[in-house]
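Notes for the one structure printed next.
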Amino acid sequence: MASSTLRRFFVYGTLKRGEPNHQLLTRPENGVSKFVGRAETTVKLPLVIGTRYNIPFLLNQRGTGHFVRGEIYEVDDGMMEKLDELEGYPEFYDREIQEMKLLDDPEQKTLPCWVYLLRSFPDHLLGFEMLTEYRDTPEKRYCESYNESTPEDLREDVKRDLQK
């Protein structure tokens, strides 16, 4: 049985509406997920696309990059488990609470939200193009060919790519 406690999550990559993994948030069997609104970080962070899978990474390097745009969702424990699984938490990402500014709110109030940050990363990622907002594009198509691999295979591939 899913918990009735809802937590706010800020998503900035493939989980946003119209992006390749958004369906995870819309499947009732995964748990509860309610769209709250479009938002952006209140501190500048580097959002880059890396690895051969073209995965968006939000690097934990405050003050570098841009105010990153994404979406806020309220999710229950079941959905949070699915998000943790997709994001490889705690192996690849840390998750922490940060204030996010609601973009469509005339008062532009902020809300505390969980966000996944890549804490340990090779310095060369800071040389990648830093984005304000992620979009899956034909030039940098998010690669789902790993679907034939096991999650452990994917984790090993990404770990190897991030250590370069």
The computed P(r) of the chain puts the percent of Cα pairs beyond 27 Å at 20
Under 5 Å from the placed amide H of residue 61, counting only residues 5+ away or on other chains, we find none
Expected max-MSF residue from 105, 84, 94 in the GNM of the chain (alpha carbon, under 10 Å) is 105
Ordered by number, the trypsin sites (Lys or Arg not before Pro) in region 86-128 that occupy a DSSP loop and have at most 15 other Cβ atoms within 10 Å are 109, 119
Loop-resident GluC sites (Glu not before Pro) in region 58-131 with no more than 10 other Cβ atoms inside 10 Å, DSSP not H/G/I/E/B, are 91, 107, 129
For region 37-53, in residue order, the Karplus 3J(HN,Hα) values (coefficients 6.51, -1.76, 1.60; θ = phi - 60°; whole Hz; Gly and Pro = x) are x, 6, 8, 9, 5, 9, 10, 6, 9, x, 9, 10, 10, x, 6, 5, 8
Given pairs 101/159; 16/109; 34/140; 44/159; 34/82 and cut-off 23 Å on Cα-Cα distance, the over-length ones are 101/159; 34/140; 44/159
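Every read-out reported here was derived from the displayed coordinates using simple, explicitly stated rules and does not represent laboratory data. Since we're looking at a predicted model, the values are computed, not measured. Neighbour counts are summed over all protein chains in view; Cβ atoms, including those assigned to glycine, are modelled from backbone coordinates with ideal geometry.
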